[in-house]
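What follows is a set of notes on a single structure, which appears directly below.
The values are calculated or read from the model by the stated rules, or taken from the named source; none is laboratory data. None of the values given here were measured: they were computed from a predicted structure. Neighbour counts run over all protein chains shown; Cβ positions are idealised from the backbone, glycine included. Only protein heavy atoms, including side chains, enter the accessible area calculation; ligands, DNA and RNA are left aside. Shrake-Rupley method; radii C 1.70, N 1.55, O 1.52, S 1.80 Å.
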Amino acid sequence: MFQYVIRRLILAIPVLFGILLVTFVLARLIPGDPCKAILGEKATQQVCERFIREHGLDKPIPVQFGIYIRNVARGDFGNSIRFSRPVSIILIERLPLTLELGFIATLLAVLIGIPMGLLSAVYSNSVVDVTTMVTANIGVSMPVYWLGLMLAYVFALTLKDTPFWLPPSGRLTAGLVSVPFYQVYNLTSQPDSFKFHVYEFIANMYLFNSLITFDWRILSDAVQHLILPAVALCTIPMSIIARMTRSSMLEVLGLDYIRTARAKGLPKPKVVLKHAFRNALLPVFTIIGLQLGTVFAGAVLTETIFGLAGVGRMLFEAITARDYPIVQAFTLVIAIGYVGMNLLVDVSYVFIDPRIKLK
Amino acid sequence: MSTPSEPPSPPPSLEDSKHTTEALNNSFQDYRANSLWRLMLRRILRQRSAIVGGIILGMLILVAVFAPVLAPYDPEQVLIGVEPVRKRQSPCIHLLGCPADQPQHWMGIDGNVRDQLSRVIYGTRVSLFIGFTTIGFAIILGTILGAVSGYAGGWVDNVIMRLMDVLMAFPSLLLAIAIVNVLGRGLQNALLAIAIVNVPIYARVVRASVLSIKEQDFVEASRALGANPFRILFVRILPNALSPLIVSGTLGIAGAILEAAALSFLGLGAQPPTPEWGSMLGSERNQVFTAPHLVFYPGIAIMITVLAFNLLGDGLRDALDPRLSFNKPEQTL
């Protein structure tokens with residue numbers, strides 16, 4: 001087991017190296033003078049020469065790539081052009097929201113998608129099956145941003161003054177402030193130390209922070225703000241999970257041992273949930289891992305629509321403003337997260353399906 | 001006394017054997033025509049989703065071809081001074097009670113005082129064009145890379161496939177955004193970006209097919225006859241790898257249309273005044289509370305188009321991929 005994890009980690013290294021190379025090359029391919037792009041059109045030649053020397057841009061490309069890898073390994077992604085602040089700090093501020101949004105969306109997708117697929121498979125070729133599969137097909141064909149806008153229109157405007165009203169934008173209602181857990185529990189840390197950044201990162205996850213500080217008002221407000229974006233974001237993964245669960249379950253339900261189980265008199269729900277479902281879960285699990293990419297890409301769109309200050313919206317704003325260090329760093333972090341998640345899914349197969357022996 | 005034995009049948013003449021071969025050939029041709037194409041068509045026609053998807057797609061193609069006939073206005077014509085309409089006016093349909101003295105606009109007027117219906121109709125052209133060109137390009141490039149990779153094996157295979165792994169490590173929309181960031185905004189660059197991010201999918205599909213087909217006897221026979229590798233690859237192997245390619249291509253078009261619309265929505269793809277659904281949605285997204293019709297209709301158009309390709313792709317997969325037939329047991333519980 002341990003050996004397998006190590007081997008998978010080693011196998012991931014070439015891919016990670018490739019990701020670094022692609023983000024490096026993409027940044028170098030951007031047309032125009034990097035100095036003018038970063039310092040602005042008015043930068044004098046002297047300033048530019050110093051800038052190029054300081055950033056090692058006068059060195060050969062392989063050396064520059066080496067410097068880039070070294071900086072990334074240290075967590076140094078350079079400074080944002082627009083905000084003149086380190087990109088890593090911006091990442092600490094923005095990533096927690098996207099993680100929370102992605103987590104809630106994936107959770108919704110799993111909690112709705114799997115039962116949908118199960119029902120569809122158990123009652124295959126019935127009205128239930130046709131309805132769920134038509135819903136899943138429509139769900140997978142809907143543009144996330146369109147669904148988001150329509151949800152905002154319905155829940156924030158049409159259902160205004162009803163108990164179903166939901167806020168169309170932001171993380172918290174104006175006036176509410178999420179008090180960081182380290183202030184509540186009087187945990188101290190040196191500003192700018194690693195511990196401080198970890199604390200900040202955790203505190204910026206409002207749901208988690210309010211849970212551990214027992215601040216229910218903030219929790220319910222943050223959840224209310226996350227519902228619409230999460231629903232918009234979860235539709236495509238949910239539909240894909242439902243379809244995969246259906247086809248995987250159909251395959252298993254047609255096997256002999258299921259007939260045997262039914263023949264020996266076991267009740268249908270027990271056969272479906274205990275005998276069939278567990279065996280049908282593996283492909284479903286793979287597809288859940290693969291949906292992380294959809295969730296991250298969808299986050300760019302959802303956060304833009306719902307005015308959420310997460311990684312996705314920041315990435316979009318950075319592209320519009322040509323803030324290259326942010327684009328480079330955020331793309332890199334998302335790609336690494338994607339690879340890491342798929343690695344995790346691969347490794348966890350062994351827990352789900354004991355028939356798989358990892359060598 | 002010996003009974004007269006039956007006269008031995010005369011040896012078949014050359015003429016006869018020619019006839020027999022011809023007859024055999026003909027029946028073989030018939031068999032092929034019957035079994036391959038008809039069987040495939042019959043299988044496709046048995047799939048409800050393929051039929052529904054095909055019909056919707058056929059209608060969309062008709063709308064795209066006859067857009068100038070169907071659209072009541074030029075999609076880029078500003079109606080100020082032409083008709084008494086105002087910016088972002090709601091839909092006016094005479095049948096639904098809109099006063100007859102007002103000009104009829106089924107989907108209302110957009111922020112630049114243009115007829116929304118005409119723009120949505122012309123948008124069909126742009127979206128179908130995007131879907132077919134990007135996936136066409138991705139399939140060509142992916143097929144070449146996958147075929148070479150699968151057939152050559154060894155380090156060539158390793159290099160190509162690791163490159164594909166890296167491209168697949170990025171969520172496709174994000175990679176497309178990053179590529180457009182380098183190439184510059186615009187529909188053409190967005191198309192190129194989407195095509196590039198889709199290449200690995202087809203390279204993998206073709207490689208897998210080539211790997212399984214290249215070991216078969218008919219390929220071996222071809223090699224023994226001295227055919228060159230290119231002929232073996234492109235004439236013998238690839239035609240046999242077509243069905244998974246058709247299936248993934250159809251589903252890929254759905255994804256490409258969604259991605260292109262998302263890029264245009266973000267302002268990176270089609271630029272105004274091109275009547276592209278994503279860009280129409282993007283430019284009016286802040287008006288969703290005051291003029292929801294401007295957001296609603298382009299989104300529905302994207303959804304219907306993507307749905308058509310998804311249904312068709314699903315149906316084709318069920319029809320063309322024999323490995324999936326066991327997925328559909330006669331009786332479940």
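Which helices, counted as full DSSP H runs in chain B, have an axial Cα extent of no less than 15 Å and a Kyte-Doolittle average of 1.6 or above? Mind showing how you got there, number by number?
On the way: long enough: B:14-32 (27 Å, -1.48); B:48-65 (26 Å, 2.28); B:116-152 (53 Å, 1.24); B:154-169 (22 Å, 0.99); B:172-183 (16 Å, 2.66); B:187-213 (38 Å, 1.45); B:242-265 (33 Å, 1.63); B:293-320 (40 Å, 1.24).
Qualifying helices: B:48-65, B:172-183, B:242-265.
Once you reduce region B:95-118 and region A:24-83 to the center of their Cα atoms, the two points are 52 Å from each other.
Result for chain A in a Gaussian network model with C-alpha springs under 10 Å: among A:Ala152, A:Ala37, A:Ala242, the largest mean-square fluctuation is at A:Ala37.
Between helix A:61-73 and chain A there is an angle of about 60 degrees, using the helix long axis and the longest principal axis of the Cα atoms. Take every Cα pair under 8 Å whose residues are at least 6 apart in sequence, average their separation, divide by the length of chain B, and the relative contact order is 23 percent.
Couplings 3J(HN,Hα) of region B:92-101, computed from phi: 10, 10, 4, 5, 9, x, 6, x, 5, 7 Hz, in residue order, whole Hz [Karplus 6.51 cos²θ - 1.76 cosθ + 1.60, θ = phi - 60°; x for Gly and Pro]. Which of the aspartates and glutamates could be linked to A:Lys264 by a straight reach, that is with a Cα gap under 19 Å, when you skip same-chain ones fewer than 8 residues away? Excluding near neighbours in sequence, the set is A:Asp256.
Mind checking the mean number of beta-carbon atoms from other chains within 10 Å of the Cβ atoms in A:130-143? Don't jump to the answer; show the numbers that get you there.
Working: counts 1, 0, 0, 2, 4, 0, 1, 8, 5, 2, 9, 13, 7, 14.
For peptide A:130-143, the averaged partner shielding equals 5.
When Rg and Dmax are taken over the Cα atoms of region A:1-91, they come to 16.5, 58 Å. The loop-placed chymotrypsin sites (Phe, Trp or Tyr not before Pro) in region A:104-179, going by DSSP, that have at most 16 neighbouring Cβ atoms within 10 Å of their Cβ come out as A:Tyr123, A:Phe164, A:Trp165. As a rough guide to protection, the peptides A:58-66, A:228-236 ranked by mean Cβ packing within 10 Å, highest first, stand as A:228-236, A:58-66. Surface exposure of region A:2-73, expressed per residue as accessible area with a 1.4 Å probe, stands at 68 Å². Note on region A:113-212: Kirkwood radius taken over Cα pairs, Stokes-Einstein applied at 10 °C and 1.306 mPa s, translational D equal to 88 µm² s⁻¹. The mean number of Cβ atoms from other chains found within 10 Å of a Cβ in peptide A:301-312 is 1, as a whole number.
Across region A:94-101, computed HN-Hα scalar couplings (Karplus, 6.51 cos²θ - 1.76 cosθ + 1.60, θ = phi - 60°) run 9, 4, x, 4, 5, 4, 4, 4 Hz from first to last residue, x flagging Gly and Pro. Only alpha carbons enter this Debye calculation for the protein assembly as shown, each as an equal point scatterer, and the log10 of I(q)/I(0) it gives at q = 0.07, 0.08, 0.09 Å⁻¹ is -0.57, -0.74, -0.93.
For chain B, the carbon plus sulfur part of the accessible surface works out to 63%, probe radius 1.4 Å. Across region A:152-163, computed HN-Hα scalar couplings (Karplus, 6.51 cos²θ - 1.76 cosθ + 1.60, θ = phi - 60°) run 4, 4, 5, 7, 8, 10, 5, 9, 4, 6, 10, x Hz from first to last residue, x flagging Gly and Pro. Listed as lacking a disulfide-compatible partner in chain A: A:Cys234, by the criterion of no other cysteine Cβ under 4.7 Å. Taking every protein chain into account, the accessible area of region B:118-187 amounts to 36 square angstrom per residue (probe 1.4 Å). Here the Gaussian network model covers chain B, with springs between Cα atoms less than 10 Å apart; of B:Phe289, B:Phe309, B:Phe170, B:Phe289 fluctuates the most. Taking chain A as the reference, fit the longest principal axis to its C-alpha atoms, fit the long axis of helix A:311-320 to the helix C-alpha atoms, and give the angle between the two in degrees, 0 to 90, nearest 10. Result, in degrees: 50.
Rounded to the nearest 500, the helix-only mean residue ellipticity at 222 nm of chain B stands at -21000 deg cm²/dmol, with each DSSP H run of n ≥ 4 adding -39,500 (n - 2.57). By the rule of a C-alpha distance below 17 Å, with chain neighbours fewer than 8 residues away ignored, the aspartates and glutamates paired with A:Lys59 are A:Asp33, A:Glu49.
Kirkwood hydrodynamic radius (Cα pairs, Å) of chain A? Don't jump to the answer; show the numbers that get you there.
Numbers: mean 1/r = 0.0427 Å⁻¹.
Averaging 1/r across every pair of different Cα atoms and inverting gives 23.4 Å.
Sorting the Cα pairs of region A:122-176 by distance into bins of 10 Å, from 0 upward, gives 20, 29, 28, 18, 4, 0 percent per bin.
Based on every Cα atom in region A:49-208, Rg and the maximum pairwise Cα distance Dmax equal 23.6, 72 Å.
Helical runs assigned H by DSSP (4 residues or longer) give chain A a calculated mean residue ellipticity at 222 nm of -23500 deg cm²/dmol, each run adding -39500 (n - 2.57) before division by the residue total.
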